[in-house]
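Here the structure comes first, spelled out in structure tokens, and everything after it is commentary.
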Amino acid sequence: MKRTYLYAAVVIVIIAVAAAYALWPRPSIKVSSVIVPSEFAKVGEQFNVTVRASNTGGASGTYNIQLKLDGTVLFSREATARPREFVPLHGVGAGSGI
């Protein structure tokens, strides 16, 4: 009978941890715009990139935004955003025949 109580207690703890994890606030990063100049970059040339991202989640988070073309990363930036914060990311991408 003691084993039954022990198993029940373990199951209750597992359910409680799972519920707490499901309800715990998390960041949710959404990219709202990507601006690349209308001029075409030649192979090997660099180009300017502006990305606007927002955290629509309930917790701060650090994330990595990447602009890819055919699986090749052209632009990559890391940023941290608080809940409901917009973050502009500016940088230079590496041209690979856009």
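What follows is calculated from the coordinates using simple rules that are stated; it is not laboratory data. These figures come from a predicted structure and were not determined experimentally. Don't worry about glycine lacking a Cβ; one is built from the backbone with ideal geometry, like all the others, and counts go over all protein chains shown.
The table for this structure:
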read-out: Cleavage-rule hits, trypsin sites (Lys or Arg not before Pro), the stretch 46-98, DSSP coil, Cβ neighbours within 10 Å at most 12; value: Arg84
read-out: From phi via Karplus (6.51, -1.76, 1.60), per-residue ³J(HN,Hα) for the stretch 60-70 in Hz, x at Gly/Pro; value: 5, x, 9, 9, 10, 9, 10, 9, 10, 10, 6
read-out: Calculated from backbone phi, Karplus (6.51, -1.76, 1.60) coupling profile of the stretch 75-86 in Hz, x at Gly/Pro; value: 8, 8, 9, 10, 8, 10, 9, 7, x, 6, 10, 8
read-out: 5 angstrom amide H check on Leu74, placed H, neighbours 5+ away; value: Leu67, Lys68, Leu69
read-out: Net charge dipole size for the stretch 27-94 [Lys, Arg +1 and Asp, Glu -1 on Cβ; Debye, nearest 20]; value: 240 debye
read-out: The chain - mean residue ellipticity at 222 nm from DSSP helices (-39,500 (n - 2.57) per run, n ≥ 4, rounded to 500); value: -8000 deg cm²/dmol
read-out: For the chain, with +1 on Lys and Arg beta carbons and -1 on Asp and Glu, the positive-most of Tyr5, Asn64, Ala53 along the dipole; value: Tyr5
read-out: The stretch 27-94 - convex hull of the alpha-carbon atoms, volume per residue in Å³; value: 76 Å³
read-out: Gly57 long-range amide H proximity, modeled H, under 5 Å; value: Ser28, Arg84
read-out: Candidates Ala53, Ala16, Ala79: whichever shows maximal mean-square fluctuation once the chain is modelled as a Gaussian network with Cα springs under 10 Å; value: Ala16
read-out: Contact order relative to length of the chain, as percent, for alpha carbon pairs under 8 angstrom and 6 or more apart; value: 29 percent
read-out: Signed unit charges on C-beta, dipole axis of the chain, positive-most listed residue Pro83, Ile15, Pro25; value: Ile15
